[in-house]
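Read the figures in this text as sums done on the coordinates, not as results from a lab. Values in this document were obtained by computation on a predicted structure and should not be read as measured data. Neighbour counts are summed over all protein chains in view; Cβ atoms, including those assigned to glycine, are modelled from backbone coordinates with ideal geometry.
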Amino acid sequence: MSTSADSNDIEEGLKFQPKFDASGLVTCVATDAGSGEVLMVAHMNDEALRRTIASGEAWYFSRSRQSLWRKGESSGHTQRVVEMRLDCDQDAIWIRVEQTGAACHTGRRSCFYRAVTPGDGGARLSFVDADKLFDPAKVYR
């Protein structure tokens, strides 16, 4: 349990102390540095975070593969980090990136290519900005 002094240090201090969850991960939101468009949400473990800071390229931890990966290592669609920020309690990261190509493994510029709209039978999805920039079957073999 944190004390108010600990909380004040985390929220108002300048010490970098990211708070990882029980799985050792922190959520990271990547946006386009120029347009502000949300490109993707992924997770970083301590090593991915350290590599991102040291290299200036986005590194993530894949929960499904249980492995570290550098954005673009397979596809060539890389992210150069322009700025990194932590939220108020240091348990979420925001990176502003220069995206080369597509951010989404589906071949789209952004992972957020479907809009949620209310309907009589519940929420529905519709495609928005969903054009594919590459064919994933040709890139990820």
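Brief remarks follow.
- Test: residue in segment 110-132 that is of a type in the set (S, T, N, Q), under 16 Å from V29 (Cα atoms), touching a Gly at 6+ places or on another chain (Cβ under 7 Å) and surrounded by 13 or more Cβ atoms within 10 Å (Cβ to Cβ): no
- Counting only residues that are in contact with a Ser or Thr (Cβ under 7 Å, 6 or more places away or on another chain), surrounded by fewer than 18 Cβ atoms within 10 Å (Cβ to Cβ) and not aliphatic (A, V, I, L, M), segment 30-86 holds 4 of them.
- Among the residues of segment 34-72, those that are of a type in the set (G, A, S), more than 23 Å from A130 (Cβ to Cβ) and either touching a Leu at 6+ places or on another chain (Cβ under 6 Å) or free of Cβ contacts under 8 Å to residues at least 24 places away in the same chain (or both) comprise A48, A54, S55, S62, S67.
- Qualifying residue in segment 3-19 (condition: assigned to a strand (DSSP E or B) and either of a type in the set (S, T, Y) or exposed (fewer than 11 other Cβ atoms within 10 Å of the Cβ) (or both)): no
- Set side by side, the residues E98, E11 differ, and just one is charged (D, E, K, R), in contact (Cβ under 8 Å) with a residue 40 or more places away in the chain and touching a Cys at 6+ places or on another chain (Cβ under 8 Å), which is E11.
- Some residue of segment 34-45 being β-branched (V, I, T) and farther than 17 Å from E98 by Cα: no
- The numbered conditions (1) under 27 Å from D9 (Cα atoms); (2) under 12 Å from the mean Cα position of the chain (by Cα); (3) surrounded by fewer than 17 Cβ atoms within 10 Å (Cβ to Cβ) are all true for I95 except (3).
- Remark: pairs (first residue in segment 111-131, in contact (Cβ under 8 Å) with a residue 12 or more places away in the chain and among the hydroxyl-bearing types (S, T, Y); second residue part of a strand (DSSP E or B) and surrounded by 10 or more Cβ atoms within 10 Å (Cβ to Cβ); Cβ separation under 8 Å; 6+ apart in sequence or on different chains) = Y113/F127; S126/R114; S126/A115.
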